[in-house]
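Enquirer: So that we are looking at the same thing, I have put the structure below in structure tokens.
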Amino acid sequence: MTDHVLTRIANRTGIITLDRPKALNSLSLEMVRALTDVLRAWEHDGQVEAVVLTSSSEKALCAGGDIRFFHEVGHASPMGGSALLEDFFTEEYALNHLIHFYPKPYIAIMDGVVMGGGMGIAQGGPDCGLRIVTERTKMAMPEVNIGLFPDVGGSHFLSHAPGQLGNYLGLTGLTIGAADALYIGLADVFVPSAELPDLQALIASTQGAGLPAAIRAFAAPFAAMAGASELQVRRKSIDAHFGAASVAAIMGSLEGDATPFAHKALAAMRQRSPLLMCVTHELLARGAALDVADCLRMERSLVRHNFEHGEVLEGIRALVIDKDNAPQWNPPSLDQVTPGMVARFFDPVWPEHAHPLRHLA
């Protein structure tokens, strides 16, 4: 067990507290393994009727995977290959699957930053998940910003968002708050941060099996306080722009829209990896027809191709390591991305019988 994942059982509820505040609870391989171990143990423990995921810091539930680790081990050998890197993504995606199909209520308090890998451990499936947001929630799938793609099941939960909202989030990588998260279906209830101590008291005083209903009742009076969803207001425009047939067509459509909302989306996309935006567009199109397990298997193959290509290593270098904010994308412009470049990301890496996530159902 790692010092960054604290666990206890109280009143038949298993409580997981992420405690790596200086890194905004970014997930290390050790943290992924600790989460997997405790969830597997509680899965069959009669003393645990529900699970609550929370943080020791009000700044973040989890900001994602430890991308400094990705950069370090990705450069450990030629073509971005590393056994530790392979282990991280295999085990992280298996954890995402475990959470999605958890047999007991899985309650995530998504206060503060919840991005990338943080979404993967907060997005419990429809049969188990209860996702709580506050006015401090900052949610995103920003992977295209570092030359990656929306993984940790993002090919499933973004592709199943209403209309073209998944394409909007995946291609721009922009951050949303509580109201938008609720509208999109990536959160269930709103609780003001000032009420979190009372929510914690409720969790402590309510037996695990009764927690989901008790929390929904507790949150009901605060529903209107989440405010209006900008994405709901802009939905018609988003669907029109992001329903275009290609990334180039989407950006061309946005160029013809003079609204600040469209300008912001276009400005974000102009900073992203052209290749990985195209890969993401294809990923979400394919993910819409796949179940969770097949989405995770697809993502696992894409990760291998991505690190071999090197785009993610360059993105992390530019934004996190050197902080020059000047990634040298390959290719550098959208008009140089060919269908063949995109298709290669979806080539099988392993035969089906040898895929590291072959056992997911």
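The values are calculated or read from the model by the stated rules, or taken from the named source; none is laboratory data. Bear in mind the structure is a predicted one, so any value in this text is a computation, not a measurement. Neighbour counts are summed over all protein chains in view; Cβ atoms, including those assigned to glycine, are modelled from backbone coordinates with ideal geometry. Just so you know, the surface numbers come from the protein's heavy atoms only, side chains and all, with ligands and any DNA or RNA stripped out. Shrake-Rupley method; radii C 1.70, N 1.55, O 1.52, S 1.80 Å.
Enquirer: Pick out which of D239, D322, D294 has the largest mean-square fluctuation in a Gaussian network model of the chain, springs linking Cα atoms closer than 10 Å.
Expert: Per the Cα network of the chain with a 10 Å cutoff, D322 tops the list.
Enquirer: Please compute, over every Cα-Cα pair in region 5-354, the percentage with a separation greater than 27 angstrom.
Expert: 44
Enquirer: So what is the calculated 222 nm ellipticity per residue for the chain, using -39500 (n - 2.57) for each DSSP H run with n of 4 or more, over all residues, to the nearest 500 deg cm²/dmol?
Expert: Mean residue ellipticity at 222 nm (helix-derived): -13000 deg cm²/dmol.
Enquirer: Might you work out the accessible area of R12 for me, using a 1.4 Å probe with all protein chains in place, and round it to the nearest 10 Å²?
Expert: 80
Enquirer: Which entries of K104/K138; K138/K264; K22/K104; K138/K323; K138/K236 show an alpha-carbon separation above 19 angstrom in the structure shown?
Expert: Too far apart for the 19 Å limit: K104/K138; K22/K104; K138/K323; K138/K236.
Enquirer: If you plug each phi of region 287-297 into the Karplus form 6.51 cos²θ - 1.76 cosθ + 1.60 with θ = phi - 60°, what whole-Hz ³J(HN,Hα) values come out, in order, with x for Gly and Pro?
Expert: These are the phi-based 3J(HN,Hα) values: x, 4, 9, 10, 7, 4, 4, 5, 4, 5, 5 Hz.
Enquirer: Placing +1 at every Lys and Arg Cβ and -1 at every Asp and Glu Cβ, with all other atoms neutral, what dipole size does the chain have around its Cα centre, in debye to the nearest 20? Spell out each step's value before the answer.
Expert: Working: 27 positive and 39 negative charges, 91 e Å.
In debye, rounded to 20, the chain gives about 440.
Enquirer: Further question: Counting Lys +1, Arg +1, Asp -1, Glu -1, what net charge surrounds P260 among other residues with beta carbon under 13 Å of its beta carbon?
Expert: So the environment of P260 carries a net charge of 0.
Enquirer: Probe radius 1.4 Å, ligands and nucleic acids ignored: give me the carbon and sulfur share of the accessible area of the chain as a rounded percent.
Expert: Working: 7850 of 14680 Å².
The value for the chain is 53 percent carbon and sulfur by accessible area.
Enquirer: For the chain, set up a Gaussian network in which alpha carbons nearer than 10 Å are linked by springs, and say which option among V189, V320, V233 fluctuates the most.
Expert: Its mean-square fluctuation being the largest, the pick is V233.
Enquirer: Could you report the accessible area of H75 in Å², rounded to 10, computed with a 1.4 Å probe on the protein chains as they sit in the structure?
Expert: Spelled out: H75, probe radius 1.4 Å, area about 110 Å².
Enquirer: In terms of the Cα gyration tensor, with a ≥ b ≥ c the square roots of its eigenvalues, is region 219-361 rounded because a/c is under 1.5, prolate because a/b exceeds b/c, or oblate?
Expert: Since a/c reaches 1.5 but b/c is at least a/b, the shape of region 219-361 is classed as oblate.
Enquirer: Specify which residue in the list T7, G112, L39 is farthest towards the positive end of the charge dipole of the chain, using unit charges on the beta carbon of Lys, Arg (+1) and Asp, Glu (-1), about the Cα centre.
Expert: Result: G112, furthest along the dipole toward the positive end.
Enquirer: Near the amide H of L27, under 5 Å away, which other amide H atoms are found, from residues 5 or more places off or on another chain, if H is placed in the peptide plane?
Expert: G64, G65, D66
Enquirer: Quick one: of the DSSP bridges fully inside region 5-354, what percent are antiparallel, nearest 5?
Expert: Antiparallel bridges make up about 25 percent of those DSSP assigns within region 5-354.
Enquirer: Give a residue-ordered list of calculated ³J(HN,Hα) values for region 21-36 (Karplus: 6.51 cos²θ - 1.76 cosθ + 1.60, θ = phi - 60°; whole Hz; x for Gly, Pro).
Expert: Values per residue, Gly and Pro as x: x, 5, 9, 6, 6, 4, 7, 8, 4, 5, 5, 4, 5, 5, 4, 4 Hz.
Enquirer: Oh, and also: In sequence order, what are the phi-derived ³J(HN,Hα) couplings for region 201-209 according to the Karplus relation 6.51 cos²θ - 1.76 cosθ + 1.60 with θ = phi - 60°, rounded to whole Hz, with x for glycine and proline?
Expert: Each residue of region 201-209 in turn: 5, 4, 4, 5, 9, 10, 5, x, 4 Hz.
Enquirer: Springs between alpha-carbon atoms under 10 Å, Gaussian network over the chain: tell me which of L18, L39, L196 tops the mean-square fluctuations.
Expert: Comparing L18, L39, L196 in a Gaussian network model of the chain, the most mobile one is L196.
Enquirer: Answer with one residue from A245, A213, G177: the one whose Cα lies farthest towards the positive end of the charge dipole of region 169-246, charges on Cβ with Lys, Arg +1 and Asp, Glu -1.
Expert: A245
Enquirer: Whenever you get a sec, line up R131, R68 from highest to lowest accessible area (probe 1.4 Å, protein heavy atoms).
Expert: R68, R131
Enquirer: How many angstrom separate the Cα center of region 36-61 from the Cα center of region 85-158?
Expert: 14
Enquirer: How high is the FRET efficiency between R270 and E72 when r is their beta carbon distance and R₀ equals 25 Å, given to the nearest 0.05? Walk me through the numbers before you get to the answer.
Expert: Numbers: r = 29 Å, r/R0 = 1.16.
Computed FRET efficiency for R270 and E72 comes out at 0.30.
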